[in-house]
Amino acid sequence: MLTVAGSDSGGGAGIQADLKTMLALGTHGMSVLTAVTAQNSLGVQGAWELPAEAVRRQFRSVVDDIGVQAVKTGMLATAELVETVADLLDGLTVPVVVDPVGVSKHGDPLLAPEALEVVRTALLPKATVATPNLDEVAQLTGVRVETEADLPRAAEAVLAHGPRWVLVKGGHLKDGDTAVDLLTDGTARHLLRAPRHDNRHTHGTGCTLASAIAAGLAKGRSVPEAVAEAKDYVTGAIAAGFALGGGIGPVDHGWRLSGDA
């Protein structure tokens, strides 16, 4: 499996979360680094994107020798990097999970405003599954989700940009005692519910979920099967999330490996 994303020096999200998830789910993780962040439990103190040629060479180095069975994209930072990654994905026939990362858990911007249109027109059409949260749906489409009833309209707006499936993550909704997500390809609809856990340590949730979906697809699962399994995995990781530093701690990527699962 290949993750194309930014680094989180605090280890809770980004490339680090992706690789931990891939290992926990029995897959071999490989990486293409797009950006370096200075980041901890309190927020992002700095971010520096890599040159497009560095991203291109990492990708070709891995794909041309080792090969991949699924790709997950995360923080791409700039319009140039989004376009570079979209071009690289053109030659692949494997599942691609696009996590259209726009802001960090702490509200720090991780995608340049001018890159949004390239995400819409170049990256989302490459996605087997796109996994926007509610803020990212609003960024990409202008549709704001206030209640569960708004999820289908949000999903349709994202699907209009070309992904085969979209998973609109409703974890930030305030209504109800369950976290509900909507998975749809425009025809089939799957509502996925999980209990909410009273745990503030949720750093890396989106990266972890997208990587878990990609792991399922790499193993040959259908999209609905991969998403349902990933939802179960990330729900357990949230429940086991732990304090680290003075702010929001990470989810526990290894919760199934502790012997208590």
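So here's what we get for this one:
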| read-out | value |
| --- | --- |
| Residue in region 181-188 that is buried (at least 17 other Cβ atoms within 10 Å of the Cβ) and in contact (Cβ under 8 Å) with a residue 60 or more places away in the chain present | no |
| Members of region 136-151 found to be of a type in the set (Ser, Thr, Tyr) and surrounded by fewer than 17 Cβ atoms within 10 Å (Cβ to Cβ), listed by number | Thr147 |
| Hits in region 1-31 (condition: part of a strand (DSSP E or B) and surrounded by 24 or more Cβ atoms within 10 Å (Cβ to Cβ)) | Leu2, Thr3, Val4, Ala5, Gly6, Asp8 |
| Among (1) within 19 Å of Leu25 (Cβ to Cβ); (2) in contact with a Ser or Thr (Cβ under 7 Å, 6 or more places away or on another chain); (3) surrounded by fewer than 22 Cβ atoms within 10 Å (Cβ to Cβ); (4) aliphatic (A, V, I, L, M), the one test that Ala212 misses | (3) |
| Of all residues in region 47-66 being outside any helix (DSSP H, G or I) and at pLDDT 95 or above, the one that is surrounded by the most Cβ atoms within 10 Å (Cβ to Cβ) | Glu49 |
| Any hit, region 27-45, residues being on the phi < 0 side of the Ramachandran plot, touching a strand residue (DSSP E or B) at 6+ places or on another chain (Cβ under 7 Å) and without any contact (Cβ under 8 Å) to a residue 12 or more places away in the chain | yes |
| Single residue of region 190-204 satisfying the filter (free of Cβ contacts under 8 Å to residues at least 60 places away in the same chain and closer than 15 Å to Lys231 by Cβ) that is most open to solvent (accessible area, probe 1.4 Å) | Arg193 |
| Criterion (outside any strand (DSSP E or B), modelled with pLDDT under 95 and touching a helix residue (DSSP H, G or I) at 6+ places or on another chain (Cβ under 8 Å)) met by exactly one of Val101, Val82 | Val101 |
| Counted residues, region 87-116 - those being over 16 Å from the mean Cα position of the chain (by Cα), open to solvent by less than 30 Å² (accessible area, probe 1.4 Å) and under 23 Å from Ala218 (Cα atoms) | 2 |
| Checklist (1) buried (at least 20 other Cβ atoms within 10 Å of the Cβ); (2) among the aliphatic types (A, V, I, L, M); (3) free of Cβ contacts under 8 Å to residues at least 40 places away in the same chain applied to Ala228, failing item | (1) |
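The values are calculated or read from the model by the stated rules, or taken from the named source; none is laboratory data. All of these numbers come straight from a predicted model, not from anything done at the bench. All Cβ positions, glycine included, derive from the backbone under ideal geometry; neighbour counts span all protein chains shown. What goes into the accessible areas is simple: the full protein's heavy atoms, side chains included, and nothing from ligands, DNA or RNA. Shrake-Rupley method; radii C 1.70, N 1.55, O 1.52, S 1.80 Å.
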